[in-house]
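The values are calculated or read from the model by the stated rules, or taken from the named source; none is laboratory data. Note that the coordinates shown come from a computational prediction; the quantities given were computed from them, not determined experimentally. Note that we place each Cβ from the backbone using ideal geometry, even for glycine, and neighbour counts take in every protein chain shown. To get the accessible areas, we keep the full protein, side chains included, count just its heavy atoms, and leave off ligands, DNA and RNA. Shrake-Rupley method; radii C 1.70, N 1.55, O 1.52, S 1.80 Å.
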Amino acid sequence: MNAVEVKDLHFGYGKKSRNVLDGLDFSCEKGSVNVLLGLNGSGKTTLIKILAGLYENYTGEVFLFGRDLKTISVAERSKMTAYVAQRSAGADDFTVRNYLLFGKVNRTKFYSAPSAKDREDTLRYAERFGISGLLDKNLGQLSGGERQIVGVCCAAVQDTDLIVLDEPTSALDIRNQHVVLSLIKEIAVSEGKTFILSSHNPNHALYLGGEVHVIKDGRIAFQGAACETVTAEKMRSVYGEDVCISKDLPYNEISFGKFR
Ligand code: ADP
């Protein structure tokens, strides 16, 4: 059974507007890492929001772990899927420690406090993500990048089988991009979680080495292993003729982290 199965998905933002997603088919296996690529406005965020259960007025079929998304209650969905939006606002006056603990609410009974194990789990993830030093800061005191890492860490804390991340590295420096991408890879392997994330950087898809799904004209234009999908030819057909890979460049491209 696939983690996610999307069949003939159509979605538009208004009755009179064009369909942003127009007959899109998408699937991903359990435990896989999936990168959504495509031009600005191609529909990556829209697809992610549909998978996160935020838009229900789509036509077509969306299955999460074999179940029709429309039949899954919010409470059940919160145990299946963690979602991190492109930009998160609010919660400025909460400490990072408490914000991460909110990640445990999906499994906490009404009127109960988080357990000692919940606290331990949260601290363990904070350490893994290199944000232990931020635990007593308020969210409002963080930089955009720090806030982004806290958001991804909070998704991991939620203990869901599916994690959906909208541009999780957009505010990060090259070192932290590497930290977050490496953790995504590691958590997918060690915990069997399925990741779906959007990115503007095809190199990230190559680094992650999972599956790539390229959205164009409301559908998936290419889909397959990163090394077979992020090719100069395919990327040119999406982003334009000027796409180069490093061997075409007159200078050495700066990158961080060894490609394995
Ligand atoms: P991407 O994430 O690939 O940049 P989006 O899914 O954000 O693309 O947007 C796809 C299209 O839908 C764009 O043309 C965008 O203008 C439009 N769109 C996105 N959100 C809304 C909204 N809330 N209302 C109306 N149109 C929207």
Cα Rg, Dmax (largest Cα-Cα span) when computed across segment 109-188, Å = 13.1, 42
What residues qualify as long-range amide H neighbours of PHE94, i.e. H under 5 Å apart, gap of 5 or more or another chain, H built at 1.01 Å from N?
-> LEU139, GLY140
So what is the orientation-averaged projected area of the chain, using the convex hull of its C-alpha atoms, in nm²?
-> 15.1 nm²
Above-threshold pairs, the threshold being 31 Å between Cα atoms, out of LYS30/LYS247; LYS193/LYS247; LYS193/LYS216; LYS79/LYS137 | LYS30/LYS247; LYS193/LYS247
Given only helices, namely DSSP H runs of n ≥ 4 each adding -39500 (n - 2.57), what is the per-residue ellipticity at 222 nm of the chain, to the nearest 500 deg cm²/dmol?
-> -9500 deg cm²/dmol
So how strong a dipole does the chain carry about its Cα centre when Lys and Arg Cβ are +1 and Asp and Glu Cβ are -1, to the nearest 20 debye?
-> 440 debye
Ignoring any ligand, DNA or RNA, what whole percent of the accessible area of segment 1-131 comes from carbon and sulfur when the probe is 1.4 angstrom?
-> 52 percent
In this structure, the FRET efficiency calculated for LEU54 and ALA91 from their beta-carbon separation, with R0 = 22 Å, to the nearest 0.05, is 0.80
Given C-alpha coordinates of segment 1-110, what is the ratio Rg to Rh with the Kirkwood estimate of Rh?
-> 1.00
Any residue on another chain or 5+ positions along whose placed amide H is under 5 Å from the amide H of PHE222 is listed here as VAL214
Roughly how many Å² is the accessible area per residue of the chain, as a whole number, for a 1.4 Å probe?
-> 52 Å²
